[in-house]
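Single-structure report; data block below.
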Amino acid sequence: MTKQSTNDHSESNWIPLDPHTPDGSSLEGATKFYQTIQKRRTVRHFSDKPVPREVIEQVLLAAGTSPSGAHKQPWRFIAVSNKDIKHKIRLAVEEVEREFYEDRASDRWLEDLEPFETNPDKSYIDTVPWLIIVMALRTTDDGGQVYYLNESVGIATGLLLTAAHHAGLATLTHTPSPMKFLRDVLDRPEHERPYMMIPMGYPTEDCKVPDIKRKDLDELAVFIE
Ligand code: IYR
């Protein structure tokens, strides 16, 4: 028989929820968080100012709190500060990106990218103290099934960006394509699929970002009450 939705979980290992309670009201909590997160920007100019490993550890632990299909936690975060490995990655990424800009990208795509002034030069990979490579696990480490892989890893990556921002760190969501070379450079197993590369560090003091506009509430949301 299907178990009915009930609060009686006495047969199994359930514990009382320990809810987060904002300092003020829910509106104050939500507003304060929006004020913080609305300052997050994608950054391409990183300082070489070191970021202690302990900070990155807390950021990764926060990312690891993400919900996932059947709680399979189908992610792994490879945190690279090693200069030689970062440089290897830079060279491989720049090769892939040169192909993108010279051959693979459509004219429309290149036109859409113009405001962001991107190009195949990824020298910031040498400068930035940390490179986080998010791996999507196609199976669990012991070969078990995972569910909603892209959704789960996408949410975890969102939390990662949010946690980094909260720590005063800037990030860049970078998806060179294809990214398979990362598994070889990083010597990672077959079931880890490179999902996203995230340079993480402090922005340069004179860092500029494009003047983008975000959707207003009436454009980004529809309320049906
Ligand atoms: N991966 C390339 C191109 C690029 C594509 C998109 I869509 C962007 O939002 C930004 C860049 C690069 O990183 O240069």
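The values are calculated or read from the model by the stated rules, or taken from the named source; none is laboratory data. Only a predicted model underlies this, so the values are computations on that prediction, with no experimental measurement involved. With ideal geometry, Cβ positions are generated from the backbone for all residues, glycine too; neighbour counts draw on all protein chains shown. In case anyone asks, the SASA skips ligands and DNA or RNA and just uses the protein heavy atoms, side chains included. Shrake-Rupley method; radii C 1.70, N 1.55, O 1.52, S 1.80 Å.
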(message) Looking only at segment 164-186, count every residue that is closer than 14 Å to Ile132 by Cβ, within 15 Å of the ligand (Cβ to nearest atom) and open to solvent by 10 Å² or more (accessible area, probe 1.4 Å) and tell me the total.
(response) 4
(request) Please tell me if Glu97 is within 22 Å of the chain's Cα centre (by Cα), farther than 27 Å from Leu186 by Cβ and within 14 Å of the ligand (Cβ to nearest atom). (result) no
(request) Would you list the helices (runs of 4 or more DSSP H) that sit entirely within segment 113-225 and hold 1 or more residues that are closer than 23 Å to Val93 by Cα? (result) 124-127, 149-166, 181-185
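One line per residue, one yes/no per condition, for (1) surrounded by 13 or more Cβ atoms within 10 Å (Cβ to Cβ); (2) touching a residue at least 60 places away in the same chain (Cβ under 8 Å); (3) part of a helix (DSSP H, G or I):
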position: Leu17; (1), (2), (3): no, no, no
position: Gly24; (1), (2), (3): no, no, no
position: Tyr34; (1), (2), (3): no, no, yes
position: Val55; (1), (2), (3): yes, yes, yes
position: Leu60; (1), (2), (3): yes, yes, yes
(message) When you check Glu99 against the structure, is it over 17 Å from Leu159 (Cβ atoms), in contact with a Pro (Cβ under 9 Å, 6 or more places away or on another chain), free of Cβ contacts under 8 Å to residues at least 60 places away in the same chain and surrounded by 10 or more Cβ atoms within 10 Å (Cβ to Cβ), yes or no?
(response) yes
(message) Just to verify a result, which residue in segment 115-129, among those that are more than 11 Å from the ligand (Cβ to nearest atom) and closer than 17 Å to Lys208 by Cα, is surrounded by the fewest Cβ atoms within 10 Å (Cβ to Cβ)?
(response) Ser123
(request) Considering only residues that are open to solvent by less than 100 Å² (accessible area, probe 1.4 Å) and not aliphatic (A, V, I, L, M), look in segment 102-114 and name the one that is nearest to the ligand (Cβ to nearest atom). (result) Asp112
